[in-house]
Amino acid sequence: MGYGTESMLEGVVRDAASLATVPLQTPADKTVFHILHPMTVHRIVALVTLAPTAVDGVVALDRRVLTGSDTGRVEIGRMTIPIGTPAGKVVYKDIDAVDLDMGDSLVFELITASTAGAAVLSAIMIPRAETPVNQTDAVKSA
């Protein structure tokens, strides 16, 4: 899947958990990305830091339309991290493109836990050429 030559920019604020390795043992929300610029998400990725054992780890990527609230939260993709995937490998899953607006959040949720395993979770996103004036959650400062 080609993404063209769009310029990349930082329009995402990651929570502290996203900067560290996430254990794959307990199902729960694992990390959150806050969207500060209109983006389109195309892929879920995981950098494996400790091989999963016994059971494949399954990670869901959810879109929140209201930061900090599960109202309107919807799953937009799911990825399996196979048992035995060695540290240093990047597991990825292409998903149907989803447009994210300013104020949205991406939540990485561990659905199926592995006996062991850890990974750094992320998403591949491309900024959309859109002005904040078109964004309902954008408020221009005086």
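Taken together, the values in this text are just the output of simple stated rules run on the coordinates, not laboratory data. Computed from a predicted model, the values in this text were never measured in an experiment. Note: ideal-geometry Cβ built from the backbone for every residue, glycine included; neighbour counts use all protein chains shown.
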- Given Cα pairs under 8 Å that are at least 6 residues apart, what percent is the relative contact order of the chain? 38 percent
- Task: Rank the residues Leu106, Leu36 as a footprinting-exposure proxy: fewest other Cβ atoms within 10 Å of their Cβ go first.
- Result: Leu36, Leu106
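Within a 10 angstrom radius of the beta carbon, how do Ile35, Ile95 rank from fewest other beta carbons to most? Before the final figure, lay out each step's value.
Values: Ile35 22, Ile95 17.
So the residues, fewest neighbours to most, are Ile95, Ile35.
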- Residue span Val55 to Thr40: 0.36 nm per residue of separation minus Cα-Cα distance leaves a gain in nm of 2.3 nm
- Answer with a single label: of [x] 13.2; [y] 9.1; [z] 8.5, which was calculated as mean projected area of the Cα convex hull in nm² from the structure in view? [y]
- Query: Roughly how many nanometres apart are two label points built 7 Å out from the Cα toward the Cβ at Val74 and Ala138?
  - Reply: 2.2 nm
